[in-house]
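Peer 1: Dropping a structure here in structure tokens format, bear with me for questions.
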Amino acid sequence: MQFLERAALDALFDALRAEGRAVLGPTVVDGAIRLAPIDGAQDLPAGWTDAQGPGHYRLRRGGDATFDGYVVGPDSLKQVFFPSKETLYRAERRADGKLGFSPVLPDPGASAVLGVRACDLAAARIQRAALEGGPYAEPRHRARREAALIVAVNCTRPGALCFCASTETGPRVTEGADLVLTERPDGFLVEAPTQAGRAVLARLDTRPAAADEVAWVDDAMREAAANMGREVDLDGLPEQLFGRLDHARWKIVAERCLACGNCTSVCPTCFCSTSEHPSSIDGDEASRVRLWDSCFTEEHAYIHGGGFRPRTEDRYRQWLTHKVGAWVAQFGTSGCVGCGRCIAWCPVGIDLTEEIAALRQGEGIAALPAPPAHACATDEDLVPRAATVTRVERESDDVVTLHVAVDEGLQGVLPGRFCQVSLPGIGEVPISISGGDGALLEHTIRAVGRATDALCALSPGDAVGIRGPYGRAWPLEALAGRPVVVVAGGIGLAPLRGALRSMIARPDEFPEVHLCYGARSPADVLYAKELLGWMEVPTMHLHLTVDHASPAWLGHVGVVTRLLDARSVPAGASAMICGPEIMMRFTVERLAQLGVPDERTWVTMERNMQCATGFCGRCQYGPYFVCKDGPVFSFDQIRFLFGEEGY
Amino acid sequence: MGTPASADLIGDILLFAGLTPPMRAKLAAIAAVEPLPAGATIFEEGDPAGDLYVVLDGRITLSVRIPGEPERSILSLREGELLGWSALLGRKRVATARVVLPSQVLRLRRSELLELCEMDHDIGYVIMRQAFEEMADRLLATRLQLLDVFGPRKR
Ligand SMILES: Cc1cc2nc3c(=O)[nH]c(=O)nc-3n(C[C@H](O)[C@H](O)[C@H](O)COP(=O)(O)OP(=O)(O)OC[C@H]3O[C@@H](n4cnc5c(N)ncnc54)[C@H](O)[C@@H]3O)c2cc1C
Ligand code: SF4
Ligand code: FES
């Protein structure tokens, strides 16, 4: 540990600039301490103090400390590594009619961020887990993070809303910093845990710290930990929250919550995002822009036809059960770092420490399954590949199957997985692989909204963008050797078609396959020709029903669950289900009555998706991300949440 | 019409699994097996209460008339399912039953069935209970149909 004179602080700026680093640090902007470019010690908020309380943040003059008079303002490293708005790629229509996609990747010059607190370094670690932890890594986030040198500050005077001692993320800096300062009236004690930090330190005129100075730091940290304004008990909390989805407190807090999303904006770990597709007036150039998003918005849980979380209580519950609940299963750590920002910046002063304490009072414990671990992290720049529609088959009046040739070919095309299919200026949507291989994909699409309408209107020769495939495939290996019952509702047959084709092609492994398929009406039956052909296949047993028909229809009429009986569900069978969630709910119940256990029942889930790679947070489903842990789940993985209202 | 039903045949019907052999014999005495050709109409919406049927094989659909629209099939019945439950309550037929595939039905004569149920409450209980189970299943299925799970059609 070294000692740096207070008067020598400017030398630190010089040292950082000498390395070509742009310096960001705390400075007073519009009545708050923000993170912004600063030139020297004179820009730091020396002599300022912040008074924080629920729904309250005020700066006033007081004291003469440089860092110690205040704690965290609304900004955190999140702004630095993960800007609130950024372009991901540009698309242009080339002269030959094809689409050209070019990634927009940042070229961050070397930077230094000054005055970062322990809680924010913990938050940066957590954001890194979300954005770089696998199976995909966001290269933009990594580039910015790697370009930054962190000069952290130990908090000796925690604020009224601080509780990092109870989240074990402070007040002492123990991770993520290159230099750590601890402020004393006469100057700063400086530690340099990394090589990069030591290089900067070497440029400064310091002296070794005396033994009593080193001991003082330890004492100051102990005292700070004992002086937290608030505390929270995270022990066993995920299991409690998921066991108390019906707790009365959700309604009570929802009466105050405005669903404004301020809490998620200031939270240093919240990482949800959405995207937009601006385009030039002539439509020749377009881009995809990523923006911060909040689980408090209606769009967050929107899928065509409605949203999963219509009420404020659903959204607050989503936020909290994720932040301090599911997060633990997903990333091995709580998403709360004890910074208190969400309390200060909530316009109505909702205090999550109070909410957590209230929710702990209650009954109910749920075991939270851990999602599958993702061992490696492949770079994923989120840029589509150019592809061309080669054939269009009309399946019904609102469904078409597109055959798409992808210029460079795709790896890992398996039934159950999906691609992000895009049209510049219009949108990118998740569409299951309904057939094909790495060179030629089949996507069966129902026109329900902006992007799917446009996709269904394409003709052979038209250009589209494809990225993927993503997600988990149907576990055909695990299903082999037993009878298989496939239950499909409506467009839900699309992700199952490839699996059915594979099972038909492997009769030794799949000697008895029952397809129970329900469509709205005879005219809505997909793949009619192919189904007719399957009736001739000895291993394949087709049970088809429609919701209603004219009396001329000779087939079954009624919902698909009515097809499930001892004839279509042989003893020892496994099941694969895809369809509207409510249909899947009744199907699972019926199958259970017929003796199919949850662990041999496989379902596909649908949630709003923007990224398909785990970055955007839109597809959260309890401890899972539908995009990377699903969309195919065994029912015992999701039983504890499935069908829960508002989830 | 049809051939008399045997107690054995009654015993093979899942619906009547709860009946003892003597009960089966009593039921057989008021039942007949009837073959029905495709295209036949068993009863029509609005007809007065009539006999109760159990589908033995084939396929029969129930359809309803919606003013101003073509008739619509809303449910098909197959082997083992009950047809015409309104017989048990003395109500008018609520749907039209049409034979779409050549079928066989077990026909239980209404007045004798009701009499039997009145005289032998054990039989009555089994039959009412089975009818109730079927109703519950159909109610659930109807709910799903009403929910229009495939999502609103746009055009
Ligand atoms: C894993 C997965 C596989 C899918 N496979 C198919 C398929 O094979 N065929 C098919 O027709 N549909 C499929 N869908 C549904 C399809 O993605 C939506 O119908 C589509 O996103 C609607 O977009 P839109 O712009 O036309 O509609 P809008 O209602 O205008 O939607 C606006 C935006 O909301 C989001 N969104 C809306 N509905 C959904 C949804 N159901 N799922 C996810 N995000 C949604 C999208 O970001 C969309 O761009 C799948 C969805 C998922 C999650
Ligand atoms: S908790 Fe507060 S900040 Fe968060 S959405 Fe509700 S009102 Fe807004
Ligand atoms: S996290 Fe973005 S779609 Fe799953």
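Peer 1: Given (1) of a type outside the set (Phe, Trp, Tyr); (2) closer than 20 Å to residue A:627 by Cα; (3) away from ligand 2 (no atom under 16 Å from the Cβ); (4) in a loop (DSSP other than H, G, I, E, B), where does residue A:329 come up short, assuming only one miss?
Peer 2: So the condition that residue A:329 fails would be (4).
Peer 1: Moving to a separate point now. Is it the case that residue A:630 is within 16 Å of ligand 2 (Cβ to nearest atom) and under 28 Å from residue A:89 (Cβ atoms)? Explain how you work it out, then say what you get.
Peer 2: Numbers: within 16 Å of ligand 2 (Cβ to nearest atom): no; under 28 Å from residue A:89 (Cβ atoms): yes.
It is false that residue A:630 is within 16 Å of ligand 2 (Cβ to nearest atom) and under 28 Å from residue A:89 (Cβ atoms).
Peer 1: Only residues that are in contact with a strand residue (DSSP E or B) (Cβ under 6 Å, 6 or more places away or on another chain) and closer than 28 Å to residue A:347 by Cα: list them for segment A:264-291, please.
Peer 2: Residues satisfying the conditions are A:273, A:274, A:275, A:276, A:290, A:291.
Peer 1: Follow-up. Find all pairs meeting these conditions: Cβ atoms under 7 angstrom apart; at least six residues apart or on different chains; first residue within segment B:54-78 and within 11 Å of chain A (Cβ to nearest Cβ); second residue of a type in the set (Asp, Glu).
Peer 2: B:63/B:71; B:64/B:45; B:65/B:45; B:65/B:71
Peer 1: What residue, of B:70, B:22, B:48, B:102, is closer than 25 Å to residue A:518 by Cβ and not in a strand (DSSP E or B)? Walk me through how you get there before you give the answer.
Peer 2: Details: B:22 fails: closer than 25 Å to residue A:518 by Cβ; B:48 fails: closer than 25 Å to residue A:518 by Cβ; B:102 fails: not in a strand (DSSP E or B).
It is B:70.
Peer 1: Same structure again: Out of A:366, A:405, report the one residue that is surrounded by fewer than 18 Cβ atoms within 10 Å (Cβ to Cβ), away from ligand 3 (no atom under 16 Å from the Cβ) and closer than 30 Å to residue A:642 by Cα. Walk me through how you get there before you give the answer.
Peer 2: Details: A:405 fails: closer than 30 Å to residue A:642 by Cα.
Only one candidate passes the filter, namely A:366.
Rundown of residues vs (1) of a type in the set (A, V, I, L, M, F, W, C); (2) closer than 29 Å to residue A:290 by Cβ, yes/no style:
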{"position": "A:361", "(1), (2)": "no, no"}
{"position": "A:365", "(1), (2)": "yes, no"}
{"position": "A:383", "(1), (2)": "yes, yes"}
{"position": "A:391", "(1), (2)": "no, no"}
{"position": "A:410", "(1), (2)": "yes, yes"}
{"position": "A:415", "(1), (2)": "no, no"}
{"position": "A:427", "(1), (2)": "no, yes"}
{"position": "A:432", "(1), (2)": "no, yes"}
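Peer 1: Now for a different question. Based on what the data block shows, is residue A:567 more than 16 Å from ligand 2 (Cβ to nearest atom), under 30 Å from residue B:63 (Cβ atoms), part of a loop (DSSP other than H, G, I, E, B) and at pLDDT below 95? Reasoning before the result, please.
Peer 2: Numbers: more than 16 Å from ligand 2 (Cβ to nearest atom): yes; under 30 Å from residue B:63 (Cβ atoms): yes; part of a loop (DSSP other than H, G, I, E, B): yes; at pLDDT below 95: yes.
Yes: the conditions hold for residue A:567.
Peer 1: Follow-up question, since we're still on this one. Can you go through A:436, A:416, A:427, A:412 and tell me which one is more than 14 Å from chain B (Cβ to nearest Cβ), within 30 Å of residue A:274 (Cβ to Cβ), crowded, with 23+ Cβ neighbours inside 10 Å and touching a residue at least 12 places away in the same chain (Cβ under 8 Å)?
Peer 2: Details: A:436 fails: crowded, with 23+ Cβ neighbours inside 10 Å; A:427 fails: crowded, with 23+ Cβ neighbours inside 10 Å; A:412 fails: crowded, with 23+ Cβ neighbours inside 10 Å.
After ruling out the rest, the residue left standing is A:416.
Peer 1: Continuing with the same structure: Looking at segment A:34-138, what strands (runs of 3 or more DSSP E) fall wholly within it and have at least 3 residues that are assigned by TED's automatic domain parsing to the domain that holds residue A:294 and hydroxyl-bearing (Ser, Thr, Tyr)?
Peer 2: Values: elements: A:48-53, A:56-61, A:85-93, A:99-103, A:111-116.
Strands (runs of 3 or more DSSP E) meeting the threshold: none at all.
Peer 1: Away from chain B (no Cβ under 14 Å), closer than 30 Å to residue A:297 by Cα, in contact with a helix residue (DSSP H, G or I) (Cβ under 9 Å, 6 or more places away or on another chain) and within 16 Å of ligand 2 (Cβ to nearest atom): does that describe residue A:617?
Peer 2: Values: away from chain B (no Cβ under 14 Å): yes; closer than 30 Å to residue A:297 by Cα: yes; in contact with a helix residue (DSSP H, G or I) (Cβ under 9 Å, 6 or more places away or on another chain): yes; within 16 Å of ligand 2 (Cβ to nearest atom): yes.
The answer is yes for residue A:617.
Peer 1: Then there is this: Listed residues A:270, A:336, A:342; which is away from every other protein chain (no Cβ under 14 Å), outside any strand (DSSP E or B) and within 16 Å of ligand 3 (Cβ to nearest atom)? Don't jump to the end; show me each part of the working.
Peer 2: Working: A:336 fails: within 16 Å of ligand 3 (Cβ to nearest atom); A:342 fails: within 16 Å of ligand 3 (Cβ to nearest atom).
Going through A:270, A:336, A:342 in turn, just one is away from every other protein chain (no Cβ under 14 Å), outside any strand (DSSP E or B) and within 16 Å of ligand 3 (Cβ to nearest atom): A:270.
Peer 1: Another question, if that's okay. Is at least one residue of segment A:621-640 touching a strand residue (DSSP E or B) at 6+ places or on another chain (Cβ under 7 Å), part of a loop (DSSP other than H, G, I, E, B), within 23 Å of residue B:140 (Cβ to Cβ) and away from ligand 3 (no atom under 16 Å from the Cβ)?
Peer 2: There is no residue in segment A:621-640 that is touching a strand residue (DSSP E or B) at 6+ places or on another chain (Cβ under 7 Å), part of a loop (DSSP other than H, G, I, E, B), within 23 Å of residue B:140 (Cβ to Cβ) and away from ligand 3 (no atom under 16 Å from the Cβ).
Peer 1: Condition first: away from chain B (no Cβ under 14 Å) and surrounded by fewer than 21 Cβ atoms within 10 Å (Cβ to Cβ). Now tell me which residues in segment A:550-573 satisfy that. Reasoning before the result, please.
Peer 2: Within segment A:550-573, the subset away from chain B (no Cβ under 14 Å) is A:569-573.
Passing the criteria: A:570, A:571, A:572.
Peer 1: Given the conditions (1) more than 25 Å from the chain's Cα centre (by Cα); (2) part of a strand (DSSP E or B); (3) surrounded by fewer than 23 Cβ atoms within 10 Å (Cβ to Cβ), and given that residue A:576 satisfies all but one, which numbered condition is not satisfied?
Peer 2: Failing condition for residue A:576: (3).
Peer 1: Same structure again: Which condition from (1) in contact with a strand residue (DSSP E or B) (Cβ under 8 Å, 6 or more places away or on another chain); (2) farther than 19 Å from residue A:421 by Cα; (3) basic (Lys, Arg) is the one that residue A:590 breaks?
Peer 2: Unmet condition: (1).
Peer 1: Same structure again: Would you mention how many residues in segment B:83-107 are crowded, with 22+ Cβ neighbours inside 10 Å and over 12 Å from residue B:63 (Cα atoms)?
Peer 2: So the answer is 7.
Peer 1: Restricting attention to segment B:82-117, which residues are within 14 Å of chain A (Cβ to nearest Cβ) and in contact with a Phe, Trp or Tyr (Cβ under 9 Å, 6 or more places away or on another chain)?
Peer 2: So the first thing to find is which residues in segment B:82-117 are within 14 Å of chain A (Cβ to nearest Cβ), and the list is B:82-83, B:95-103.
Matches in segment B:82-117: B:82, B:83, B:95, B:96, B:97, B:100.
Peer 1: Just one of the numbered conditions (1) within 16 Å of ligand 1 (Cβ to nearest atom); (2) in contact (Cβ under 8 Å) with a residue 40 or more places away in the chain is not true of residue A:307; which one?
Peer 2: With respect to (1) within 16 Å of ligand 1 (Cβ to nearest atom); (2) in contact (Cβ under 8 Å) with a residue 40 or more places away in the chain, residue A:307 is out only on (2).
Peer 1: Can you find a residue in segment A:537-549 that is within 16 Å of ligand 1 (Cβ to nearest atom), surrounded by fewer than 24 Cβ atoms within 10 Å (Cβ to Cβ) and either within 30 Å of residue A:379 (Cβ to Cβ) or within 14 Å of chain B (Cβ to nearest Cβ) (or both)?
Peer 2: No - not one qualifying residue is present in segment A:537-549.
Peer 1: I'd like the full set of residues that are closer than 30 Å to residue A:622 by Cα and hydrophobic (A, V, I, L, M, F, W, C), limited to segment A:205-244.
Peer 2: Residues of segment A:205-244 closer than 30 Å to residue A:622 by Cα: A:230-244.
Those that are closer than 30 Å to residue A:622 by Cα and hydrophobic (A, V, I, L, M, F, W, C): A:232, A:234, A:237, A:241, A:242.
Peer 1: Cβ-Cβ under 7 Å, sequence separation 6+ or interchain: first residue in segment A:519-535 and within 14 Å of chain B (Cβ to nearest Cβ), partner of a type in the set (Val, Ile, Thr). Which pairs?
Peer 2: Hits for this filter: A:519/A:525; A:519/A:546; A:520/A:546; A:521/A:546; A:522/A:546; A:526/A:399; A:526/A:444.
Conditions (1) out of contact with any Cys (no Cβ under 9 Å at 6 or more places or on another chain); (2) assigned to a helix (DSSP H, G or I); (3) surrounded by fewer than 22 Cβ atoms within 10 Å (Cβ to Cβ), marked per residue:
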{"position": "A:422", "(1), (2), (3)": "yes, no, no"}
{"position": "A:443", "(1), (2), (3)": "no, no, no"}
{"position": "A:478", "(1), (2), (3)": "yes, yes, yes"}
{"position": "A:481", "(1), (2), (3)": "yes, no, yes"}
{"position": "A:486", "(1), (2), (3)": "no, no, no"}
{"position": "A:497", "(1), (2), (3)": "yes, yes, no"}
{"position": "A:507", "(1), (2), (3)": "yes, no, yes"}
{"position": "A:511", "(1), (2), (3)": "yes, no, yes"}
{"position": "A:523", "(1), (2), (3)": "yes, yes, yes"}
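Peer 1: Now, a different point. Looking at segment A:283-317 only, could you name the residues that are part of a loop (DSSP other than H, G, I, E, B) and over 18 Å from residue A:258 (Cβ atoms)? Write out each step before concluding.
Peer 2: Taking segment A:283-317 and keeping what is part of a loop (DSSP other than H, G, I, E, B), we get A:283-284, A:293-298, A:304-305, A:308-311.
Those that are part of a loop (DSSP other than H, G, I, E, B) and over 18 Å from residue A:258 (Cβ atoms): A:283, A:284, A:304, A:305, A:308.
The values are calculated or read from the model by the stated rules, or taken from the named source; none is laboratory data. Remember, it's a predicted structure, so these values are computed and weren't measured experimentally. Positions of Cβ are backbone-derived with ideal geometry, glycine not excepted, and every protein chain shown enters the neighbour counts.
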